[in-house]
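One structure is given here, and the rest of the page talks about it.
Any read-out appearing in this document is the output of simple, stated calculations on the displayed coordinates, not a laboratory observation. Remember, predicted model here, so these are calculated numbers, not experimental data. Note that each Cβ is placed from the backbone with ideal geometry, even for glycine, and that neighbours are counted across all protein chains shown.
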């Protein structure tokens, strides 16, 4: 990716974070964008392989945050994640998505920026998920006794 495309991608991402901040006040609209992001990600799993694992974690964190199940993530992290998802969903960005092979390069670049910005928050969320799974297993084992 050229320097000018990176600069344009960063500028658009900042713009989309502003839109994300607005969307967080409307959970129904945020859910729609989340669903669009998940659908687009699964349609393009190959090109997104570099960020796939963390992208799935970002989707899960945002879903739990919107549902009110997880409130430990700071709003700036949730906004960055949703801004990255908006960037992924919008087809006309720094490199338009309809361009074969190259169309998602800028999306991966922006998702990497998001990943770096929210790394600690993703790790914390992942630990929380593990705790939830552990307590569900323990609850099930106690129910069988």
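Some notes on this structure:
- Projected label points at residue 99 and residue 116, each 7 Å from Cα along the beta carbon direction, are separated by 2.1 nanometres.
- Estimated FRET transfer efficiency (residue 4, residue 29; beta-carbon r; R0 22 Å; 0.05): 0.10
- Residues 1, 58, arranged from fewest to most other Cβ atoms within 10 angstrom of their Cβ, appear as 1, 58.
- Cβ-based exposure ranking for 99, 38, 81, 86, in which fewest neighbours within 10 Å come first: 99, 38, 86, 81
- Here Cα extents along the principal axes in Å was calculated from the structure, and among (i) 63, 38, 24; (ii) 50, 31, 19; (iii) 61, 32, 25 it sits at label (iii).
- Computed over the chain: relative contact order in percent, which uses C-alpha pairs under 8 Å that are six or more apart: 33 percent
- Nearest-0.05 FRET efficiency for residue 52 and residue 21, computed from C-beta distance (R0 30 Å): 0.70
- For the chain, the longest principal axis of the Cα atoms and the long axis of helix 105-144 meet at an angle of about 10 degrees.
- Approximating the spin labels as points 7 Å out from Cα along Cα→Cβ, the residue 67-to-residue 126 distance works out to 2.1 nm.
- Crossing angle, helix 52-67 versus the chain [Cα axis fit, 0-90 degrees, rounded to tens]: 60 degrees
- Centre separation in Å (Cα based) which lies between segment 7-39 and segment 54-129: 9 Å
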